[in-house]
Amino acid sequence: MAGLYHLARLNDRWLWLDEALVSAFVERWCSETHTFHMPFGECTITLQNVAHQLGLPVDGRYTFGECPEGADDETVRRYARAYIMMLLGTQLFADKSGNRIHIRWLTYVARLEEMGTYNWGSAVLAWLYRCMCRVANRHVVNFPLFRPAGYETFSWPLASRWSGYNPSGSEKGPRVQMWRLRIDRLQDREFIWMPYSSLDVLQVVHPEALEPRHMALWQSVTSLIYFAVIEWHQIDRVLPQFGGVQPRPNPALNIDFLMSKDGRGGDRWFPYHLQKWHLYWDDRAETVLRFDVVADPGPSHEFLEWWSQHGKRFLSLDMHLGDPRAVPIPVEASQQGAGRVPDMDRPEDVPDRRRVERRARVGTRRS
């Protein structure tokens with residue numbers, strides 16, 4: 001009913017975080033583009049990942065104990081509401097408190113029959129983007145080589161595959177350096193651009209996740225909304241993840257003003273004040289990218305030439321990595337073709353003017 005059934009199946013499993021590996025990827029997160037900067041280009045977390053890993057619906061409206069045996073309908077609904085609140089607070093929209101959930105969810109769980117109509121996947125991805133940007137600013141498994149042995153079997157949702165994985169408990173600092181160096185040495189041919197297209201995965205994916213209306217939205221360039229949090233789904237920068245050839249990207253959309261909003265204080269998040277961005281989500285079906293799907297997706301030669309000059313490609317110290325500038329652009333890239341992103345109406349930038357004004361006042365009596 002609530003659209004969280006597959007997520008609930010993950011709740012009875014322990015999923016441990018490899019903090020060193022996560023930290024190595026956080027270093028590569030770019031807040032302006034919502035992508036990871038890799039040696040060979042950009043990749044990111046998309047609605048497709050949310051649908052496959054957590055089994056959440058990606059289309060719809062924007063957004064404590066055991067139940068006793070023989071309970072009446074009202075008691076069952078009350079326990080269901082409590083359980084859903086727990087899932088929201090600890091699995092989907094967790095914060096540093098670890099055991100609290102915002103009171104704004106009460107009005108949603110009160111209407112239990114409507115919860116299945118909401119787009120949980122988009123809200124979760126918006127919240128993840130915002131948290132990644134916060135962490136990246138503070139600290140200014142598409143990777144088969146990184147997969148530990150013994151985890152080749154898939155189950156649904158795909159995140160359940162890692163329930164038995166227990167990462168090393170050794171000192172974090174050296175492990176971060178190790179992962180950083182392994183990512184720096186990663187080559188394009190070692191990266192699986194389309195991990196969900198293998199037969200092993202397709203055999204376990206729930207049919208609901210593969211409905212055409214859901215699959216189309218994976219390729220939509222649109223807004224992602226979670227109350228006051230509004231982010232931008234910029235899949236035009238990661239076409240190889242959907243089978244395309246990546247051309248040189250357009251400048252990233254500046255939404256610094258929106259990224260400064262989190263619903264606290266005097267922030268207003270109701271659709272009336274952010275109507276423009278809610279309309280982008282309403283028109284999500286009209287902004288689905290159409291491009292040629294190729295047998296060997298990847299970055300184009302033009303993109304790699306641009307990326308070698310402008311990308312944040314390598315983070316390890318020179319003494320560990322050597323001089324990466326001598327790494328040649330693969331010959332295969334020139335055979336990919338140029339790649340092309342369809343022309344689309346682009347939203348206007350919404351920079352945070354307050355930052356500009358604060359910087360201008362530095363060194364004055366008003367600063």
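The values are calculated or read from the model by the stated rules, or taken from the named source; none is laboratory data. Bear in mind that the values here come from a model prediction, so they are computed numbers and not experimental data. Don't worry about glycine lacking a Cβ; one is built from the backbone with ideal geometry, like all the others, and counts go over all protein chains shown. Note: accessible area is taken over every heavy atom of the protein model, side chains too, but ligands, DNA and RNA are not part of it. Shrake-Rupley method; radii C 1.70, N 1.55, O 1.52, S 1.80 Å.
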Subset of the range 273-294 (residues that are open to solvent by less than 30 Å² (accessible area, probe 1.4 Å) and closer than 30 Å to residue 336 by Cβ): 287, 288, 289
Whichever residue in the range 250-272 is open to solvent by 70 Å² or more (accessible area, probe 1.4 Å) and either within 16 Å of residue 33 (Cα to Cα) or outside any loop (DSSP other than H, G, I, E, B) (or both) and, among such residues, is modelled with the lowest pLDDT: 257
Subset of the range 68-115 (residues that are modelled with pLDDT under 75 and within 16 Å of residue 51 (Cα to Cα)): 91
Breaking point among (1) modelled with pLDDT under 70; (2) touching a strand residue (DSSP E or B) at 6+ places or on another chain (Cβ under 6 Å), for residue 36: (1)
Considering residues of the range 118-139 that are basic (Lys, Arg) and modelled with pLDDT under 85 only, the residue surrounded by the most Cβ atoms within 10 Å (Cβ to Cβ): 134
